[in-house]
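Participant: Have a look at the structure that comes next, please.
The values are calculated or read from the model by the stated rules, or taken from the named source; none is laboratory data. What you are looking at is a predicted structure, and each value in this text was computed from that prediction instead of being measured. Ideal geometry is used to build each Cβ from the backbone, glycine not excepted, and the neighbour counts take in all protein chains shown. When the accessible area is computed, the model is the full protein with side chains, heavy atoms only, and any ligands, DNA or RNA have been set aside. Shrake-Rupley method; radii C 1.70, N 1.55, O 1.52, S 1.80 Å.
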Amino acid sequence: MARTAAGNAARAISSPWASVVAVLLAVAWTTPTLGLLITSFRTQEDIQTTGWWTAFTNPWFTMRNYQEALFGGSTSLIDYFINSIVITIPAVIIPLLLAALASYAIAWTKFPGRDWLFVGIFALQIVPLQVALIPLQQVYNVLELTPFWRVWLSHSIFALPLAVFLLHNFMKDLPADLMEAARVDGAGHNQIFFRIILPLMKPALASFGIFQFLWVWNDLLVALIFAPSRQYAPLTVRVAEMSGTLGGQWYLLSAGAFISMIVPVIVFLSLQKYFVRGLLAGGLKG
């Protein structure tokens, strides 16, 4: 029965109608992005008077929007671009490291309340991050943390429940005989974790790392609450303000949006093989 159901599902997915639906969905998904891309290369006058689709009949493109967005006096994105990198890298590394250690402890060490602890961590995923913003801000004010530390810790706190859940599920499926053989050879927890577990978990770590990178890079709410000033604000804060107080520079938003997309696209494409392996790792045996 299971094989029959799987065969029917495979035939349904590979049918011509499924291909047509997939193509239609791809076109519907990419059309707005294509329009945004074309708009980013059009002049201010063309953007304000005609639709982006008229570029096919009357092509006239310019790099002025990108130059003004990157180096313009009131809309420069260079400083914010650097801030985004400074914010994103630690906000990815911190939860990955802590979640890997916690997942190993829950999956491969025995202590009272281990299962309840895992259930409690899993349950934290249902808590909206908006509920925690004011209490976190009060704690940060008492500790007098800098804006960068506030953003790093906030993103790490919000990411840890999901990270522990995903990494634990991957880690518990590793062969127990491998751990036992390492213990027989005299390896301790540190050696087992750093020399055996981490190399095997590269796909899972890369998968969650990509998700976390995209989440932190595209985040506006946390950055707006904890790092609103120009000295610490990331790219998303500046892109949201790019149109100006009265909306007079809204034509630069398309160029700013594509500038903010460059790094996430590079990261995803460079780690794509690990991403796919990490997604499939938990569902395949043998």
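Participant: Based on the Cβ-Cβ distance of Leu70 and Thr30, what FRET efficiency does E = 1/(1 + (r/R0)^6) give at R0 = 30 Å, to the nearest 0.05?
Facilitator: Values: r = 25 Å, r/R0 = 0.84.
Rounded to the nearest 0.05, the efficiency is 0.75.
Participant: Using only helices, what value at 222 nm comes out for the chain when you add -39,500 (n - 2.57) per DSSP H run of length 4 or more and divide by the total residues, to the nearest 500 deg cm²/dmol?
Facilitator: Numbers: 14 runs with 199 residues, N = 286.
Roughly -22500 deg cm²/dmol at 222 nm, from the helical runs in the chain.
Participant: What is the percent carbon and sulfur in the accessible area of the stretch 133-241, measuring with a 1.4 Å probe over the protein chains and ignoring ligands?
Facilitator: On the way: 3560 of 5480 Å².
So the carbon and sulfur contribution to the accessible surface is 65 percent.
Participant: Is the shape of the chain rounded, prolate or oblate, going by the alpha carbon gyration tensor and its root eigenvalues a ≥ b ≥ c, with a/c under 1.5 for rounded and a/b larger than b/c for prolate? Before the final figure, lay out the partial values.
Facilitator: Numbers: a/c = 2.58, a/b = 1.41, b/c = 1.83.
In terms of gyration-tensor shape, oblate.
Participant: For labels at Met63 and Ile78 in the simple 7 Å Cα→Cβ model, what's the distance in nm?
Facilitator: It is 1.5 nm.
Participant: Using a 1.4 Å probe and ignoring any ligands, DNA or RNA, find the accessible area of Lys273 and quote it in Å² to the nearest 10.
Facilitator: So the heavy atoms of Lys273 present about 130 Å² to solvent.
Participant: Now, a different point. Debye sum, Cα scatterers, the stretch 131-181, no solvent: what log₁₀ I/I(0) at q = 0.29 1/Å?
Facilitator: -1.06
Participant: Also, I was wondering about something else. Would you please classify the overall shape of the stretch 132-279 from the alpha carbon gyration tensor, given that a ≥ b ≥ c denote the square roots of the eigenvalues, rounded means a/c under 1.5, and beyond that prolate means a/b larger than b/c while oblate covers the rest? Please list the in-between numbers first.
Facilitator: Values: a/c = 3.70, a/b = 1.84, b/c = 2.00.
In terms of gyration-tensor shape, oblate.
Participant: Let me ask you something else. Find out how many positive minus negative residues lie around Leu252, taking Lys and Arg as positive, Asp and Glu as negative, among other residues whose Cβ is under 12 Å from that of Leu252.
Facilitator: Working: positive: Arg42, Arg64, Arg238; negative: Glu68, Glu241.
Here the charged neighbours net out to +1.
Participant: OK, next. For labels at Val23 and Ile89 in the simple 7 Å Cα→Cβ model, what's the distance in nm?
Facilitator: Between Val23 and Ile89, the label points sit 4.5 nm apart.
Participant: For the Cα atoms of the chain, what angle does the longest principal axis make with the long axis of helix 129-143, in degrees from 0 to 90, nearest 10?
Facilitator: That works out to roughly 80 degrees.
Participant: Which value in nm describes the separation of the simple spin-label points at Val127 and Thr49, placed 7 Å from the Cα toward the beta carbon?
Facilitator: Result for the modelled spin labels: 5.6 nm.
Participant: Mind ranking Arg230, Arg195, Arg150, Arg42 by accessible surface for me, highest first, 1.4 Å probe? Please list the in-between numbers first.
Facilitator: Working: Arg230 120, Arg195 180, Arg150 35, Arg42 10 Å².
The ordering from most to least exposed comes out as Arg195, Arg230, Arg150, Arg42.
Participant: Once phi is turned into θ = phi - 60°, what whole-Hz ³J(HN,Hα) does the Karplus curve with 6.51, -1.76 and 1.60 give for every residue of the stretch 211-218, x standing for Gly and Pro?
Facilitator: Per-residue couplings from phi come out as 4, 5, 4, 5, 5, 5, 4, 8 Hz.
Participant: On to the next question. Rounded if a/c is under 1.5, else prolate if a/b is larger than b/c, else oblate: which is the stretch 10-104, with a ≥ b ≥ c the root eigenvalues of its Cα gyration tensor?
Facilitator: Numbers: a/c = 5.14, a/b = 1.09, b/c = 4.72.
It is oblate, given that a/c is not under 1.5 and a/b is not larger than b/c.
Participant: Show me, for the stretch 181-191, the HN-Hα J-couplings you get by feeding each phi into the Karplus relation (A = 6.51, B = -1.76, C = 1.60, θ = phi - 60°), rounded to Hz, glycine and proline as x.
Facilitator: 5, 5, 5, 4, 7, x, 6, x, 4, 4, 5
Participant: If you filter the stretch 45-124 for trypsin sites (Lys or Arg not before Pro), then keep DSSP loop positions with at most 15 other Cβ within 10 Å, what is left?
Facilitator: Listed in order of number, the matching sites are Lys110.
Participant: Of the lysine pairs in the chain, how many meet both conditions: Cα atoms under 16 Å apart, and a spacing of 8 or more in sequence or different chains?
Facilitator: Values: Lys110/Lys172; Lys172/Lys202; Lys172/Lys285; Lys202/Lys273.
So the count of such lysine pairs works out to 4.
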